[in-house]
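Visitor: Just passing along the structure, written as structure tokens.
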Amino acid sequence: MYWLAGQWFEQDTICLSIQEPALLYGATLFTTLRVYHQSLSHPLTHWPQHRQRLQTSLQQFAWPEPDWLEVEAAASTLGSHYTVLRITVLPDGRPWIIGRELPADLATKQQQGIQAWLANLPHLRRPLADHKTGNYLSAWLALQTAQGQGASEAILVDADQHWLETSTGNLWGWRAGQFWTPPTTGQILAGISRHQLQQWLYQQGQIVHQDFAGPKSNRQDDMTLVVMQVQSSSAEGPDSLN
């Protein structure tokens, strides 16, 4: 079941024009959120922040906004059936919402960890990285390559091989009793959960370094890495980026 531009569909296919920019160019904006206790208003769902991120990108792209009351009503309905929602806006302002569940092996991967592959190839760098657009081909390719190498996740890097984020989420490090995360310099998506965790750590008096890790820093050698996604772990695909 999904919702598109005011209509409900009980199917897993969608009909779009062959001239649709979303299809031709990946021209969409979206956000992926985890619905806590089947409620958009639950504080951990962070719906206001997700809406604000969409609005900010829509304004920068000069795209029309959808009717947010309709979007919220439809998301609330789907949120009572699914744990994770992907809310997409097409260039003409049409909203599209789909839902899914958390991965079945989430708890196992959270407890045992996963193996990551370093995606140090130029064609695997994300365009418009600070926006959540529909063009996630490079991240998807990085994830497919990582899985082909026997890993569950890919770490994306910049031209200087600095670690930026993963193919599905923000990247955190833990070293010598302190937290590390790459800075928001336009090369990563500033995840909503990332921001919330960062603020909470500051309130607890914890030190959070916004700095790169990479071959020139030598910090990655003894650093424990954490991937932050809407489902908190695992690798479901590029739409898991928070």
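Visitor: Pairs needed: first member in segment 177-190, closer than 12 Å to Leu225 by Cα; second member anywhere, of a type in the set (Gly, Ala, Ser); C-beta distance under 6 Å; at least 6 residues apart or different chains.
Guide: As it stands, the answer is Trp180/Gly173, since those pairs meet every condition given.
Visitor: Sticking with this structure for a sec: Go over the candidates Leu69, Leu78 one by one and state the one that is assigned to a helix (DSSP H, G or I), among the hydrophobic types (A, V, I, L, M, F, W, C), under 17 Å from Glu10 (Cα atoms) and modelled with pLDDT of 95 or more.
Guide: Residue meeting the stated conditions: Leu78.
Visitor: Here are some conditions: (1) part of a loop (DSSP other than H, G, I, E, B); (2) in contact (Cβ under 8 Å) with a residue 12 or more places away in the chain; (3) not small (Gly, Ala, Ser). Pro127 meets all but one. Which one does it not meet?
Guide: Among (1) part of a loop (DSSP other than H, G, I, E, B); (2) in contact (Cβ under 8 Å) with a residue 12 or more places away in the chain; (3) not small (Gly, Ala, Ser), Pro127 violates only (2).
Visitor: For the structure I just gave you, tell me whether Arg86 is charged (D, E, K, R) and either crowded, with 18+ Cβ neighbours inside 10 Å or in contact with a His (Cβ under 7 Å, 6 or more places away or on another chain) (or both).
Guide: In short, yes.
Visitor: Next question. Looking for something in the same structural domain as Gln49 (by TED's automatic domain parsing), touching a Ser or Thr at 6+ places or on another chain (Cβ under 9 Å) and buried (at least 20 other Cβ atoms within 10 Å of the Cβ) - is there at least one such residue anywhere in segment 72-79?
Guide: Looking through segment 72-79, at least one residue is in the same structural domain as Gln49 (by TED's automatic domain parsing), touching a Ser or Thr at 6+ places or on another chain (Cβ under 9 Å) and buried (at least 20 other Cβ atoms within 10 Å of the Cβ).
Visitor: A follow-up question, please. Would you call Trp140 surrounded by fewer than 20 Cβ atoms within 10 Å (Cβ to Cβ) and modelled with pLDDT under 90?
Guide: no
Visitor: So, one more: With the condition kept exactly as written, say whether any residue in segment 155-170 is among the aliphatic types (A, V, I, L, M) and more than 16 Å from Leu225 (Cα to Cα).
Guide: Scanning segment 155-170 turns up at least one residue that is among the aliphatic types (A, V, I, L, M) and more than 16 Å from Leu225 (Cα to Cα).
The values are calculated or read from the model by the stated rules, or taken from the named source; none is laboratory data. This one's a predicted model, so the numbers in the text were calculated from it and none came from an experiment. Cβ: placed from backbone, ideal geometry, glycine included. Neighbour counts: every protein chain shown.
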